[in-house]
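Here the structure is laid out as structure tokens; the discussion comes afterwards.
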Amino acid sequence: MNSRPLISIVTITYNAADVLQPTLDSVRRQTYPHIEHLIVDGASTDRTLALAEAYRMAVGSAYAVGISSEPDRGIYDAMNKGLRLMKGDYVVFLNAGDTLPHEDTLAAIASAIHPSSSTLPPAVIYGDTNIVDAEGHYLHPRRLRPPKQLTWRSFRWGMLVCHQAFYARADIARRTEYDLQYRHSADVDWCIRVMKEAEREGAPLVNVNTVVANFAEGGDTAQHHRDSLKERYRVMCRHYGSALTLLMHGWFVLRALSTKLSELFCNRQS
């Protein structure tokens, strides 16, 4: 592993001119210099590519910016293209509208990568996520929080680590492409399979214990909520079995009802 690992950021776009600039700006502000930023576009017809080209010109030789644009079969097909194009040691998917929260976010990720002489390089570096609005204003922490020690079994409780806060080692990521049978929840399946690969080779998953992603509300999952939930159920059955998945979803329903009742009680009290 390089002593100054190259971090590949893959940004998927399609007619994203209204939300792309904050994403680009958050990458450009990073103090960590060893970055590759790939913008994988699905043949946009708005100003997305113009913004991307202006960004590449502004960055100059500070770090590599690659832009590709062609029709694709959806967001996960585009992500697979990003996996094939990347040259970094680690990869994260930061899509249009999502941002890196601090100037030293990638520096924090890089500082967690170096293994000791007795361990393999981490398979995954992960952290917390904040939810922001369309203007990038902080709303609240993401409801699901990463555990202190993550394993592939952790996701039976839900996607505890946001996709944008999940930095995968490149060699594992390349051989674990997104499964295109899932249109809205292939990211959940991908993260689980990456973590399974980590367990097979005995590589650690490292929590940096800080916020490493701002996630913009209203993405693909929110827009296709019902279909996404159905797919997530299929993903969980695939990895955890039907019986446990059914049991866990019963718990999810009870938890949601409890939260709703608590909110109603608090509103009445106020």
(message) Please report the carbon-and-sulfur percent of the accessible area for the stretch 93-160; probe 1.4 Å, protein heavy atoms only, DNA, RNA and ligands left out.
(response) 53 percent
(message) Quick check for me: using +1 on Lys/Arg Cβ and -1 on Asp/Glu Cβ, what's the dipole size of the stretch 1-141 about its Cα centre, in debye to the nearest 20?
(response) 480 debye
(request) For the chain, find the longest principal axis of its Cα atoms and tell me its angle to the long axis of helix 48-59, 0 to 90°, nearest 10. (result) 60 degrees
(request) Name the longest site-free stretch of the chain, where the excluded sites are GluC sites (Glu not before Pro) in a DSSP loop with no more than 14 other beta-carbon atoms within 10 Å. (result) 1-102
(request) Give the accessible area for Arg193 in Å² (nearest 10); use a 1.4 Å probe, count only protein heavy atoms, and leave out ligands, DNA and RNA. (result) 50 Å²
(request) Return one number: the angle in degrees, 0 to 90 and rounded to the nearest 10, between the long axis of the Cα atoms of helix 242-269 and the longest principal axis of the Cα atoms of the chain. (result) 80 degrees
(message) Suppose accessible area is computed on protein heavy atoms with a 1.4 Å probe; arrange Ser61, Ser44 from highest to lowest.
(response) Ser61, Ser44
(request) Pick out, from Leu94, Ala110, Phe155, the residue whose Cα sits farthest towards the positive end of the charge dipole of the stretch 54-157, with +1 on the Cβ of Lys and Arg and -1 on the Cβ of Asp and Glu. (result) Phe155
(request) Could you size up the charge dipole of the chain around its Cα centre, putting +1 on the beta carbon of Lys and Arg and -1 on that of Asp and Glu, and report it in debye to the nearest 20? (result) 1000 debye
(request) Could you work out how far helix 75-85 tilts from the main Cα principal axis of the chain, as a 0 to 90 degree angle to the nearest 10? (result) 40 degrees
(message) Given the options Pro121, Ala50, Leu139, identify the residue whose Cα lies farthest towards the positive end of the charge dipole of the chain (+1 on Cβ of Lys, Arg; -1 on Cβ of Asp, Glu).
(response) Pro121
(request) Over 26 Å between C-alpha atoms is what I'm after, so list which of Lys81/Lys148; Lys81/Lys196; Lys87/Lys148; Lys87/Lys196 land there. (result) Lys81/Lys148; Lys87/Lys148
(request) Place a +1 charge on the Cβ of each Lys and Arg in the stretch 59-208 and a -1 charge on the Cβ of each Asp and Glu, then give the dipole magnitude about the Cα centre in debye, rounded to the nearest 20. (result) 540 debye
(request) For the chain, build the charge dipole from Cβ charges (+1 Lys, Arg; -1 Asp, Glu) around the Cα centre, then report which of Val212, His34, Ser242 sits farthest towards its positive end. (result) Ser242
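The values are calculated or read from the model by the stated rules, or taken from the named source; none is laboratory data. These numbers were taken from a predicted model, which means no experiment stands behind them. For neighbour counting, all protein chains shown are included, and Cβ atoms are generated from backbone atoms with ideal geometry for every residue, glycine included. Ligands, DNA and RNA are stripped out before the accessible areas are found, and what is left, the full protein with its side chains, is counted by its heavy atoms. Shrake-Rupley method; radii C 1.70, N 1.55, O 1.52, S 1.80 Å.
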